[in-house]
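What follows is a single structure, written as structure tokens, with notes after it.
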Amino acid sequence: MQSTDLGNKESGKIWHRKPSPATHDGIIVNIVHSTSEYHPKVLRFLSVAFDGSGDSFIAGDHLGNIYTFDLHGNRFNLVQRTAQACTALAFNLRRKSEFLVALADYSIKCFDTVTKELVSCMRGHESSVCSISVHASGRYAITTSSDTAQLWDLDTFQRKRKLNILQSVGIQKVFFLPLSNIILSCFKDNSIFAWECDTLLCKYQLPAPPEGSSMLYKVFAVTRDGRMLAVGGKSNHLHLWCLEATQLFRIIQMPTKVRAVRHLEFLPDSFDAGSNQVLGVLSQDGIMRFVNIQTCKLLFEIGSIEEGISSSVISPHGRYIASIMENGSLNIYSVQALTQEINKPPPPLFKVIEDLPSSSSNLKMKIMPGRVQRSARCKESKIQTRILKQDLTSNLENKENKLSEGLSRKRLQILLKGYGEYPTKYRMFIWRSLLQLPENHATFSSLMDKGTHVAYLNLQKKYPIKSRKLLRVLQRTLSVLAHWSTIFGEIPYLPLLAFPFVKLFQNNQLICFEVIATLITNWCQHWFEYFPNPPINILSMIENVLAFHDKELLQHFIDRNITSQLYAWPLLETLFSEVLTREEWLRLFDNVFSNHPSFLLMTVVAYNTCSRVPLLSCTRKDDFEYFFHHRNNLDIKVVIREVYQLMETTPADIHPNSMLDAFAALTKGQYPIFNQYPKFIVDYQTQERERIRNDELDFLRERQRVENMKAEVDEQKAEDEAWYQKQELLRRAEETRRELLLQEEEKMAQQKQRLAAEKRELKIKEICLQDAARRRLLKVQQDQCEMELRRLEDEIKRKVQMRDQEIVATANDLEMRQLELESQKRLYEKDLTERQDTVAKEIREDADAYRQKMAVEDHMFQELLESSQMRSMEARRVTEDNLAKAKQACLKADWQIQALEKQKCDDLQRSQGYHEVATLLRKNRRREIEILNAMMEEEARKWKEAEEKQFHLQSEKKASALSDASRRWFLKQETSAALERGDSLSKDVPWLQREDMASTHLSQTSQLNDVPEMDPSTQNKAPLRQPCPSSLHTQQTSWSLDSHPVFSSKKTKEWNHTDYELLKKVRNLRERLTAQARKRCEPPHLLVT
């Protein structure tokens, strides 16, 4: 399995050598994104989405970095840095280079993978978007959150529709069905609806699940042809729905290991026409199982309990599976490799038995300088053969320089001496190459299946690690080591030795185990020969080397009674993890794994010699213990240089190199037997531990039995005591209850007396309040009547005053007849307008008073209804208690019925009054119409008469013009005679003018006298009309001579008499209207008791 770290690169290759996925796991490449800071951390991928071709996909991590991966071109590119976590992705839009991403700020953004620019931003959600579904045409998209789903137009990036639901229901998922125009909405109450995309009309609803099913639908998957829906939830059951028939046609039960389904995905096939038969089911244990929904057989699975899958996406053509692991990395699986065993053709029915091959004819070998070739028949086996060198007795160094994966140990050592450490990115790969790990999956799985070793069942008590995952991995690794060799279940310092490697390889337990096993078999040689004591032989080697290079320091240790078990063994049993930081420890073991196993022992000596100054200053044993169990101010580069110097300068007789074997990798297929320890001691300790464990179990069982018996005795004693106490309490409670009953009876009697007194007081107060309310109501009514009378009196006084003013104005008008009639006309029109406004105002005031009266009546009627309801309820309550009170309630009800009947009578009288008023109004309206018609006829007659007079005036003017022309002609003939006759003519002209004026005056006067007398009431009701200019001219002509002395005294008296009669009729009409208004405003007589 290849692994690619994106690091800080913006583009690069996905894999560096041609991928060859294995059949058992099918992993093409593992993609990790880590930072290159001082403390590197892994950035977790959150979302993945394939494009329409299936050869490219995009992935986003929790920091908002979005990458595109081209599996066909073996390239990855950084598209965008959004600086926010990606919650959902979609990469199959109509414009192939664009994709949608939902961010943590509830927005949806569209980016272009080619230009790496923002295309649009869509907002509208109020919670995190959990899924994005794109229509088959790529024009529309549906985004779903927990509270709403929204439909977007991807051409305009505008929201078309929004689905709102109740908060108590909640949305699970809303998505488009493939190759159709239908939207499927799934809610948290297991209801599923299908909608038309264009009209958004509900097409159908799936029926409710079976009654025996308690599964809540959580995840959904649809086949490529959109005919079948798979549903799962917190159960090991899967429901398969036929969307065409809208019915549940199959329920599949997964294995018992599956307790909940986290994700569903159909695996496409090129030959199934969209009716997919293989369904991928991701369960709670992080394993995705692929089952055939027709045969219900498990085909294959990806992921494991140690390397669980968080979510998966399958490419549209079904060739790749992109899975986000629980550790945040991204695995790309090859479906072809996973289904290789399934798709194998059946064995042939026809088989041939062949003869034994001869060595000379059937197998031909051709020796070439660099490789071995075989015949065509043997090419299928592809057996790798090593090239034999001429020098068969090559030294150990050349043997060690050959690595299994093509890396040269010498070149790695040169690189290590130049930089001091291996690159962080390739360190794990180099370590695996240096240690030549066999990766025996089957053997490791068999050791893992044995479970937790009994020696490490209570590991968390001795080593309380905060991370539960790290503790679990450490426990499993130690258990595998203990199952591999018995001694590793007895070594107390093994957790300290293995912990650094467990923390480093916690995501790959196989590599972790093999690294530790290789370390133990090579760098921990002869450590366990003196078990359970520390390795005296190893410590003696360290002491000899230290004595050779620094006698003073060794003598100081001897003087202070400090043995090698104190200054060397703590460093070895923890592999320097207590005294070095992470980076220093990694740098050190880059050198340890690249050199002879004696390098580790030399490191102990170098650490002491480089720390000789503080060690020489220490005098107490506690100071030495603290020094070798805590980090110190020491440069690891200096220590490593010192180690290399010690390796070169140490004599061969005391050099550990001569006493330790060379590096030997673990064997392929099966791990080697490890028995380099005193077996009888280990077996004895194991037997003793088992015996002690059995004795402890017997003792615990016996103690538990005794405790159970003691608990039973105590429980029986407690039950007896409790029974006696309960009886005593019951007796006391009975006495107390009797006393309480007597007290309660006395209190009840007193309360009844007080209640009766309070009832009497409340009745008296109620009667007083009713009487006060009645008096208040009467007073309010009286005040209203008095107010109304005062208002009417003020209105009458005002009208009388207006009448007097009108009379005075009329007298003044009659006295000032000599003034121009135009001003008289305007004053008259103004007076008529004021009268009309006064009448309209009176009518409005009457209407307002009537509405107020009706509101008061309705309010009083509502109060009567409420009082009746309250009294009826009281009557029902009193009827159950006392029959006498029921009779009284009946009398009150009869009284209320009489009041209601009287109110009905009053309503009938009021309605009759309304009808009478309406009749009078209709009669007045008819009279007004008749008067209006008469006035219009009179107006037409006057216009006709004015036209005739105007025609007569024009004819007279023409005759006068002719006479003037004849006179001018005559004057021209006789100039002298004209002068004399001109004097006489000048005297005759005024007389002619006066005669003309007099004749005109007489005609207009007769015209005025012929006007018929009108009824004043009719004049008040008739609407005014503006005369036309010709009529005004006629009126001016006729009214301008009213003050001429031609009028006689008799006509003046008749005119004054007519005005007086007119005013008298107006006064009578007003008094009649006032009387009618008073009669209407009288309040109805209500029965008040």
Which length gain, in nm to one decimal place, applies between Ala83 and Lys747 when the Cα-Cα distance is subtracted from 0.36 nm times their residue separation? 231.4 nm
Could you give me D for segment 64-134, from Stokes-Einstein at 25 °C and 0.890 mPa s, where the hydrodynamic radius is the Kirkwood radius over C-alpha pairs? Units µm² s⁻¹, please. 195
What list of ³J(HN,Hα) values in whole Hz, one per residue of segment 14-29 in order, does the Karplus curve 6.51 cos²θ - 1.76 cosθ + 1.60 (θ = phi - 60°) give from phi, with Gly and Pro shown as x? 6, 10, 9, 9, 4, x, 9, x, 7, 5, 6, 10, x, 7, 7, 7
Using each residue's phi in segment 436-451, evaluate 6.51 cos²θ - 1.76 cosθ + 1.60 at θ = phi - 60° and report the 3J(HN,Hα) Karplus result to the nearest Hz, with x for Gly and Pro. 6, 5, x, 6, 7, 5, 5, 5, 5, 5, 5, 5, 5, 5, 6, x
Please list, short to long, the whole-number percent of alpha-carbon pairs of segment 20-74 in consecutive 5 angstrom bins beginning at zero. 4, 15, 20, 21, 20, 12, 5, 1, 0
Quick query: amide H of Leu299 versus all other amide H atoms, modeled in the peptide plane; which residues come in under 5 Å with a sequence gap of 5 or more or a different chain? Phe290, Val291, Asn292
Would you check the accessible area of Glu739, probe 1.4 Å, heavy atoms only, in square angstrom rounded to 10? 110
Given the candidates Gln253, Ala230, Trp241, the one whose Cα lies deepest towards the positive end of the charge dipole of segment 223-262, counting +1 at each Lys or Arg C-beta and -1 at each Asp or Glu C-beta, is Gln253
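Suppose all protein chains stay in the model; what accessible area per residue would a 1.4 Å probe give for segment 521-636, in Å²? Can you show the working numbers first?
On the way: 4480 Å² over 116 residues.
Accessible area per residue, segment 521-636: 39 Å².
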With every protein chain present, what is the per residue accessible area of segment 765-918 (1.4 Å probe, Å²)? 75
Using the Cα atoms of segment 720-839, I'd like the radius of gyration and the largest Cα-Cα distance, Dmax, both in angstrom. 42.4, 133
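So how do 704-710, 601-607, 636-642, 294-300 stack up, highest first, on mean other-Cβ count within 10 Å? Before the final figure, lay out the partial values.
Values: 704-710: 10.3, 601-607: 25.4, 636-642: 18.0, 294-300: 13.4.
Top to bottom by mean Cβ count within 10 Å: 601-607, 636-642, 294-300, 704-710.
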If you average the sequence gap of Cα pairs under 8 Å that are 6 or more apart and divide by the length of segment 213-289, what percent do you get for the contact order? 26
Over the heavy atoms of Ser131, what accessible area does a 1.4 Å probe trace out, to the nearest 10 Å²? 20
Please report the spacing between the Cα centers of segment 699-722 and segment 31-106 in Å, no decimals. 65
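Which percent of the accessible heavy-atom area of segment 200-308 goes to carbon and sulfur, probe 1.4 angstrom?
Numbers: 2690 of 5280 Å².
Summing carbon and sulfur atoms, their accessible area is 51 percent of the total for segment 200-308.
If packing is taken as the average count of other Cβ atoms within 10 Å, what order do 726-733, 472-479, 583-590 fall into, highest mean first? Please report the intermediate quantities before stating the final value.
On the way: 726-733: 10.9, 472-479: 22.5, 583-590: 20.6.
So the order, starting with the most tightly packed, is 472-479, 583-590, 726-733.
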Would you pull out the residues with amide H under 5 Å of Tyr320's amide H, same chain only if 5 or more places away, H placed 1.01 Å from N? Ser315, Val335
Pop out the carbon and sulfur fraction of the accessible area of segment 912-960 as a percent, whole number, probe 1.4 Å. 58
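Probe radius 1.4 Å, ligands and nucleic acids ignored: give me the carbon and sulfur share of the accessible area of segment 675-808 as a rounded percent.
On the way: 6660 of 11740 Å².
Accessible surface attributable to carbon and sulfur in segment 675-808 totals 57 percent.
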Under the Karplus curve 6.51 cos²θ - 1.76 cosθ + 1.60, θ = phi - 60°, whole-Hz ³J(HN,Hα) for segment 848-862, x wherever Gly or Pro sits: 5, 4, 5, 5, 4, 4, 5, 4, 5, 5, 5, 4, 5, 5, 4
Any idea how far the Cα center of segment 254-276 sits from the one of segment 543-580, in Å? 62
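The values are calculated or read from the model by the stated rules, or taken from the named source; none is laboratory data. Only a predicted model underlies this, so the values are computations on that prediction, with no experimental measurement involved. Backbone-built Cβ (ideal geometry, glycine too); neighbour counts: all protein chains shown. Protein only, heavy atoms only, side chains kept; ligands, DNA and RNA dropped before computing areas. Shrake-Rupley method; radii C 1.70, N 1.55, O 1.52, S 1.80 Å.
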